[in-house]
1. With respect to residue A:490, determine if the residue is within 20 Å of residue A:549 (Cβ to Cβ), exposed (fewer than 14 other Cβ atoms within 10 Å of the Cβ) and of a type outside the set (S, T, N, Q).
2. Give the number of residues within segment B:114-142 that are within 10 Å of chain A (Cβ to nearest Cβ) and in contact with an Asp or Glu (Cβ under 9 Å, 6 or more places away or on another chain).
3. Spot the failing condition for residue A:189; the list is (1) surrounded by 15 or more Cβ atoms within 10 Å (Cβ to Cβ); (2) touching a Ser or Thr at 6+ places or on another chain (Cβ under 9 Å), and only one is missed.
4. Taking the criterion of being of a type in the set (A, V, I, L, M), more than 9 Å from chain A (Cβ to nearest Cβ) and either outside any helix (DSSP H, G or I) or surrounded by fewer than 24 Cβ atoms within 10 Å (Cβ to Cβ) (or both), would at least one residue in segment B:159-171 satisfy it?
5. Restricting to segment A:86-106, name every residue that is within 18 Å of residue A:125 (Cα to Cα) and either more than 11 Å from chain B (Cβ to nearest Cβ) or touching an Asp or Glu at 6+ places or on another chain (Cβ under 6 Å) (or both).
6. Under 6 Å between Cβ atoms, which residue pairs at least 6 apart in sequence (or on different chains) link something in segment A:127-143 that is polar (S, T, N, Q) with a partner that is assigned to a helix (DSSP H, G or I) and surrounded by fewer than 19 Cβ atoms within 10 Å (Cβ to Cβ)?
7. Does residue A:138 meet the test of being in a helix (DSSP H, G or I), acidic (Asp, Glu) and farther than 30 Å from residue B:73 by Cβ?
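The values are calculated or read from the model by the stated rules, or taken from the named source; none is laboratory data. Small disclaimer: the values here were computed from a predicted structure and weren't measured. Ideal geometry is used to build each Cβ from the backbone, glycine not excepted, and the neighbour counts take in all protein chains shown.
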Amino acid sequence: MSDSTSSTEDRYEKFVAVLIALTSIFIALTAYLERLSSHRSEQFDREAQTLSIRSTTENINGALRFSYDWQGAFQTWRELDLMATNAEQLGENDRAELYRAARDELQSFTPLLRPPYFNAEVNWTDPYAYESDLYVVESARLQEQFESKSMVSNTWDQIASNFVLQITFYAVALSLFGLSTTIHSFMRWIFVAVGGLIIMINLLWAVVLLYTPVEEVPAEAIDTYAAGIGLAYQGRHAEAVESFNNAIVIYAGLPGNPQYVNAYYNKGVSNLLRGEYAAAAQDFEDTIALGQVDTTVLWNLGWTYYLLGRFDESVATNQLALAIDPTLVGLRLNQGLSMLAQGRFDNGVEEYRLAVGEAERQIAEARAAGRAIPYSLWYFMEAGAFDIRSLLDQAAGNPKAWTQAPAPELITNDLARLESTGLAEIELLKEYTVSLEFFSTAPLPETGRTVSEFAFVQEVFDENGNFVEYSDATVSPFGTNAVGVWMEYAGFRDGEHLLWKVYVNGYEDYVLRAVGEWASGESGTGVKWFSYAFSNVFVFATGEYTVELYIDSQLVASGTFFVE
Amino acid sequence: MKTTRFDVFSSVMIAVVTILSALTAWRANATAIQVGDADFDGTAATIRTQEARIYNSILAFEHYRAFTDFYRYNALGDSLFEDQAIGPLRERSEYWGIAHGLQYSFFNSLYLDPAGDTYDVDREIEELQAEANLTGDLNFQQYFDTADAYRTKSANMNLTLIVFAVSFFLFAVGQAIRNSLRYLFAIGGLVALLGGTCAFLVLEFSI
């Protein structure tokens, strides 16, 4: 090697050494930024954990406090109130006054017995408003803060990971610079150029990372959102929607126009519950578009489409949710309902069969494993029957106050088949509900029992207090405290499982449920009494009462009486 | 090319810088581990605090519920006493007896007002929590403050690494050039080295 060549090489090596030294500054800088990002991620993560713990505590302590307020103080208030009413009914007015005085002293025990929660005009309190003020809003606020901090922590974590990746690329650049000193041709300049390019890209990348917006959800947006949750909890859905809208606007005001997904979702739920179905569908669609695609959102959207009469979209949305989780019995029932409503009867029936089959499977699995069965399973089966009943009432132009179904003109024109199929599915669901609840099996086979149409009666006595006859009680006045169900029956056997269910305005009243064994012989006539006559305090509330009789899980008869 | 004394000096300085950088990186990493430990202790203390709050609430509301029953039986006894005509003595004494029994066994009379009409459940919860603070390690904030201090220390040590890298760069440039400017670079490198070393020592012995 000549002197001049040696000198050139020496200069080149020194040049590379300077490049390496310069790169080491960038590495040190990047390592510093990585450390800062990691620290921020850890700090936000720690705050998120703390908030999550606090939110849980807030919930538990709130529930504890409310448990006392409701079942300690208010229950005692109610007992004294009932004692006062009873005394009054017996003409013991002085004693009634003493009980009332003792009752009123309880106001100091809990805010639940004071305004604004207690309404003296109706002599009742608003537990939802109280719970909302006590802990629901605060818990929602802490939960949102937790989610916000978690989100920020994740973003910082990603930034830190990017810086780590950059350090790796710097190592590659250093390696290229080092390798270039082993080559004595033009190629070495390519190594240097590629190394230099990597460094330039890293520097630009670092600038982008440094300017990445990392914003928490503003406190004002969270407070407004939490207030919305509290209002929704109280059933004040119009005001809740306004709150959620405000939260969305506040959050969107930040740089980068971020979207408040939780607010969109809960706005959808409130809109759905106040009957603004088109708005609800839009909110759920927005929620999904913003990335929250889970079975809950899809379930709600599918149901909203059904109520809007957009059956194809309902079926497609339900299908998406069922693809995520095929074990959702309630969703499968909704799928069947949408198909019935659009006149796809065979498909609808198939979905109902799949739903009850899935319920059967889950119950068998739970029983085999010694696990309890979640009550939601009964609820969904009952709700499935209720929804078909609502659809039939709506299609027949006979909607009830509690009916929730698409507009009649959107439902299939084949009303005859809709009714026959719908009634068969209602019976199937009702019998499955009973048989799964009591026997963990499919309904037992029909054994030829016959029951006359129910007659609702009251006893008529003469002036000596002797029973004279039954009078018709199909429509009874308010104040009625006992109604009998008269029937003629045949084909029954003593010892068979017996269940009476009473639905008040479409929903079962479990207080009136009666379970036992049949003990009235194979055939004859009889009266089953539903009565509050054991006390002088209660009467039947006004409404529609549907009574159903199940023998060995078979729905053998049903009928309806009214209290007006 | 002949190796000069300056070249030797620069090489030695670069080696020193490298060793100090490695030492600093090690200490920065060790500090980062302490951050995790302090955060963990803080979170554990947070859980203990919230556990104490829940436990104390359960206890206090159990007492408050018993007091409510106490009030109910007392009020019923009082009602019968007021309404002598319809208030049989047996019932009355039974109600008052039950109330007295509840007071003995199921709530703390310390929190009863003198008339026996109200029970200060909030005071009971606060006092129980104060007791828990006294006897348990519930001050999570001190751990979080320590963690944050370690974080700052660790980040600053990383900052020191940048100073060492600058020193390394200046020595390398000084070594690469052949005019008198190289002394300026070497002095710069030396200043950065001394500055970085001092910063490292201060940080190392800070907490």
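1. In short, yes.
2. Total satisfying the criteria: 3.
3. Tallying (1) surrounded by 15 or more Cβ atoms within 10 Å (Cβ to Cβ); (2) touching a Ser or Thr at 6+ places or on another chain (Cβ under 9 Å), residue A:189 fails exactly one: (1).
4. no
5. If the condition is that a residue be within 18 Å of residue A:125 (Cα to Cα) and either more than 11 Å from chain B (Cβ to nearest Cβ) or touching an Asp or Glu at 6+ places or on another chain (Cβ under 6 Å) (or both), then A:103 is the only one that fits.
6. What qualifies is A:132/A:233; A:139/A:59.
7. It is true that residue A:138 is in a helix (DSSP H, G or I), acidic (Asp, Glu) and farther than 30 Å from residue B:73 by Cβ.
For every residue, the table says whether it meets (1) touching a His at 6+ places or on another chain (Cβ under 6 Å); (2) of a type in the set (S, T, N, Q); (3) within 10 Å of chain A (Cβ to nearest Cβ).
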position: B:25; (1), (2), (3): no, no, yes
position: B:34; (1), (2), (3): no, yes, no
position: B:40; (1), (2), (3): no, no, yes
position: B:43; (1), (2), (3): no, yes, yes
position: B:56; (1), (2), (3): no, yes, yes
position: B:69; (1), (2), (3): no, no, yes
